[in-house]
1. Test each condition in (1) open to solvent by 50 Å² or more (accessible area, probe 1.4 Å); (2) touching a residue at least 40 places away in the same chain (Cβ under 8 Å) for D241 and report the one that comes out false.
2. With (1) modelled with pLDDT of 95 or more; (2) surrounded by fewer than 24 Cβ atoms within 10 Å (Cβ to Cβ) as the list, and A100 as the residue in question, which single condition is left unmet?
3. Part of a helix (DSSP H, G or I), outside the structural domain of L368 (by the TED database), out of contact with any Phe, Trp or Tyr (no Cβ under 6 Å at 6 or more places or on another chain) and surrounded by 16 or more Cβ atoms within 10 Å (Cβ to Cβ): does that describe R455?
4. For segment 375-419, which residues satisfy the criterion of being assigned to a helix (DSSP H, G or I) and not small (G, A, S)?
5. Just one of the numbered conditions (1) under 24 Å from the mean Cα position of the chain (by Cα); (2) of a type in the set (G, A, S); (3) not in a helix (DSSP H, G or I) is not true of G496; which one?
6. Report yes if A479 is open to solvent by 30 Å² or more (accessible area, probe 1.4 Å) and either modelled with pLDDT under 90 or within 21 Å of the chain's Cα centre (by Cα) (or both), otherwise no.
7. Could you list all residues from segment 518-529 that are open to solvent by 40 Å² or more (accessible area, probe 1.4 Å) and assigned to a loop (DSSP other than H, G, I, E, B)?
8. Kindly provide the set of residues from segment 73-117 that are in a strand (DSSP E or B) and within 16 Å of V253 (Cα to Cα), ordered by number.
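The values are calculated or read from the model by the stated rules, or taken from the named source; none is laboratory data. Because the structure is a prediction, the values reported are computed rather than measured. With ideal geometry, Cβ positions are generated from the backbone for all residues, glycine too; neighbour counts draw on all protein chains shown. Please note that ligands, DNA and RNA were not included when accessible areas were found on the heavy atoms of the full protein model with its side chains. Shrake-Rupley method; radii C 1.70, N 1.55, O 1.52, S 1.80 Å.
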Amino acid sequence: MAADARTSDAGGERTLVAGVDTSTQSCKVVVRDAETGALVRTGSAKHPDGTEVHPDAWWDAFREAASAAGGLDDVAALAVGGQQHGLVALDADGNVVRDALLWNDTRSAPAARDLIRELGEARLAEDVPDAHDRVVSADEAGAQAWADAIGSVPVASLTVTKLRWLRDAEPENAARVAAVALPHDWLTWRIAGYGPAGDPSAPLGPDLDALVTDASDASGTGYYDATRDDGDDGRGAYRLDLLERAFGRTDVVLPRVVAPSASAGVAHPSVAGSAVEGGALLGPGAGDNAGAALGLGMVAGDVAVSIGTSGVVSAVTDDRTADGSGLVNGFSDATGRYLLLAVTLNASRVLDAARAVLGVDHAGLSRLALQAPPGADGLVLVPYLEGERMPNRPDATGTLHGIRLGTSTPEHLARAYVEGMLCGLADGLDALRALGVTVERVQLIGGGAQSEAVRRIAPQVLGLPVTVPEPGEYVADGAARQAAWVLAAHAARSAGADPGDVAPPTWAASSATVVEADPVPAIREQYAAVRDLV
């Protein structure tokens, strides 16, 4: 019997919500109490390695993770957070045209450069007032034009560059594209019951117009302006002129952008909510960094330093930036504000590389690193092991400087790897400060934050104490909090109240540890001296 959006528990009846994190490496599902945020159960499943993946792997991992979490029949709402920027191209029958290109696939770097130059040439040709006085090249004009338009300068990560690559490298596949989605858009679509024609797991078929997204993920595509007020409810608008510049076409379906607390539909009962009257509402979802910010309850003055597959320094603000240097991206957050991001390609995998070189586990790497002095006696790693995004050097390689007999030890090498990774993130923190972002508290999160060496060395490199929240699935938690918000707004609307007056639920904060250490400016000084020698 349906339970009117409630589920029985040993301690009485309560409403449950689910949050999903479909990340680069895995899918995580959390089920939480909608009112208190108390964790009820969890599940996870791995994603395949690589920078291009068939989205079916995400669907399979989601179902495995949901099953491991005890199923989702009793949840009243759910939302999906996910890796940003990836290209999921669908044909008219809802089939995936080719494996999805993930954010960390750098083959579209030349396309990014072309798009910047072309828009710069167009801007200069239009004789925009003062344009010639403010720039000295088409590249500079283009970078600023893109930043003005979308808040970011294109790099290989952004979807818009991948569309240009697809147009030029695989024209037959490009011709088949009928819709363009992001990873979390596609998974939400599948959870709602849609999918390829004839697929028994997609009973509602290939309705491309049912694709939905949110402003945080749309703002990372490269063809969405979150500041425009000509969209529904002032939620920004797609820039079809930029889509056409990249792809040569605009006759493709783009996901409908849903407001932060608005329902994006209902999960198919075969997936979730079958035991709940009316089914499980779907939230609009969020990009992973926006989801983490919502999960952490970030406010102005908070900066999150996330050490995952990528390294991200983020801050929530009331205004979007237009940083023509490309160091800071101005995206939307998951609440209607903006999320400023400085992103490195090289984060936790730098630690993995160090472990592989030294033949140790994470604990062993920490022990070695902490036995060497700050600055590793001048041994410096510039950790561009997979190219780099900040600064934009997709073809760069890592370099090791200061090798002498005295620094040729496992301890010095371990320390250099940890310090090099943190110096890249410290550059991101400086870039945010340069745009006027106030830094009152730094929260260190992500898998890399569990390293004792990272926690203890971070204050020396960043120059201020770091707060390390209790380990958790911050993106999935943010998605769950959004789901609870959507549920509350839906209830308000049903009661005749204004859903716009409903705020995200206030859940109890997790415990956190503050790590302090005296700053060691020499670490960053020696890093800065060799950073550009690549």
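1. (2)
2. Just one mismatch for A100, condition (2).
3. No; evaluated as a whole, the condition is false for this residue.
4. Result: D377, L405, T407, P410, E411, H412, L413, R415, Y417, V418, E419.
5. The failed condition is (1).
6. In short, no.
7. Selection gives D518, P519.
8. Scanning segment 73-117 gives L87, V88, A89, L90, V96.
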